[in-house]
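Novice: Input: one structure, supplied below.
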Amino acid sequence: LKRDLLTPLKAGDLSLPSFDVNLMVGTHSFFTETQEVPQTVPPLTIKVKALPPNAPKGFRGPTVGEVHIVASLDRRRIKEDEGIQLNIRTTTTGMLANTPAIELPYIDGVKAFPPTERTNTQNLRGRTRSVRTQTWLIKPEQVGQFTIPKISLPYFDPRRGAYDFAKTRPLTFTVLARPNRN
């Protein structure tokens, strides 16, 4: 059997067209016999509900499906002339193309370079999950302690029938002064 994930892009009564297939039916005994059986799959109408009104602030639809985001740093302590990597991994059961990339907020005292991005699709126990990993290089402009604030991404969860937020936790790192060289 073949399975495909279909994601509607609009609400209303949508139709999947009829199509023809040839099934190969066989027996598994000492002698294997197969027979080709032509079949016609009838058209199918699907009723797609519209997203509810009053989407949360920052919702850039249609981010639909279960969404999780996780942030991590490659280190928690660096010297003032070093950089640190921030990774944010977004996982969704919906279409990744409909899930906006994370935008890093301004953080005083550091320079964040534009992120690189990797995507892939995983199939876990029959459920398709799409993953986007964004990686930023962050260079401090001074010594001290810095916090990457909590980042949140609003989405619509069709299982619950409600809007929700995927959130990271704040991350803190320390920039140490280089010892004086004489």
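The values are calculated or read from the model by the stated rules, or taken from the named source; none is laboratory data. Computed from a prediction, not measured in an experiment: that's the story for all the values here. A quick note on method: Cβ atoms are made from the backbone with ideal geometry, for glycine too, and the neighbour counts reach across all protein chains shown. Ligands, DNA and RNA are excluded from the accessible area calculation, which covers all protein heavy atoms including side chains. Shrake-Rupley method; radii C 1.70, N 1.55, O 1.52, S 1.80 Å.
Novice: Please list THR63, THR116 from largest to smallest accessible area, probe radius 1.4 Å, with all protein chains kept in place.
Specialist: The ordering from most to least exposed comes out as THR116, THR63.
Novice: Roll a 1.4 Å probe over the protein chains and send me the accessible area per residue for the chain in Å².
Specialist: Per residue, the chain has an accessible area of 71 Å².
Novice: Can you tell me, using C-alpha contacts under 8 Å and at least 6 residues apart, the relative contact order of region 1-130 as a whole percent?
Specialist: The normalised contact order for region 1-130 reaches 19 percent.
Novice: List, in order, the whole-Hz ³J(HN,Hα) value for each residue of region 99-109 obtained from phi through the Karplus relation with A = 6.51, B = -1.76, C = 1.60 and θ = phi - 60°; use x for Gly and Pro.
Specialist: 9, x, 5, 6, 10, 6, x, 5, 10, 4, x
Novice: Of the residues ARG77, ARG159, ARG169, which exhibits the maximal mean-square fluctuation in a Gaussian network model of the chain defined by a 10 Å Cα contact cut-off?
Specialist: ARG159
Novice: Continuing with the same structure: Just to compare against my own numbers: the Cα pair-distance distribution for the chain, 5 Å bins, whole % per bin, please.
Specialist: Distribution as computed: 1, 6, 12, 14, 12, 11, 9, 8, 7, 6, 5, 4, 3, 2, 1, 0, 0, 0 percent.
Novice: Net charge near MET95, counting Lys/Arg +1 and Asp/Glu -1 over other residues with Cβ under 12 Å of its Cβ?
Specialist: Taking every Cβ under 12 Å from that of MET95, the sum is +2.
Novice: What is the extension gain from ALA177 to ASP13, computed as 0.36 nm multiplied by their sequence separation minus the C-alpha to C-alpha distance, in nm to one decimal?
Specialist: Going from the current span to full extension adds 52.7 nm.
Novice: Taking the full set of protein chains and a 1.4 angstrom probe, give the accessible area of TYR163 in square angstrom, rounded to the nearest 10.
Specialist: 50
Novice: At a probe radius of 1.4 Å, what is the per-residue accessible area of ASP164, in Å² to the nearest 10?
Specialist: 50
Novice: Any idea what the alpha-carbon Rg over 2.2 N^0.38 Å comes to for region 24-78?
Specialist: 2.55
Novice: Separate question: Springs between alpha-carbon pairs under 10 angstrom, Gaussian network model over the chain: which of PHE113, PHE19, PHE146 fluctuates most?
Specialist: Comparing PHE113, PHE19, PHE146 in the GNM, the peak value goes to PHE19.
Novice: Here's a follow-up. How much of the accessible area of region 28-182, probe 1.4 Å, is carbon plus sulfur, in whole percent?
Specialist: Carbon plus sulfur share of accessible area: 51 percent.
Novice: Something else about it: Run the numbers on region 65-105 and let me know its relative contact order in percent, using alpha-carbon pairs under 8 Å that are six or more apart.
Specialist: The normalised contact order for region 65-105 reaches 46 percent.
Novice: Oh, and also: Order ARG160, ARG129, ARG75 by their accessible area, 1.4 angstrom probe, all chains in place, largest first.
Specialist: Listed by decreasing accessible area, they come as ARG160, ARG75, ARG129.
Novice: Where both residues lie in the chain, what percent of DSSP beta bridges are antiparallel, nearest 5?
Specialist: If we restrict to bridges inside the chain, about 95 percent are antiparallel.
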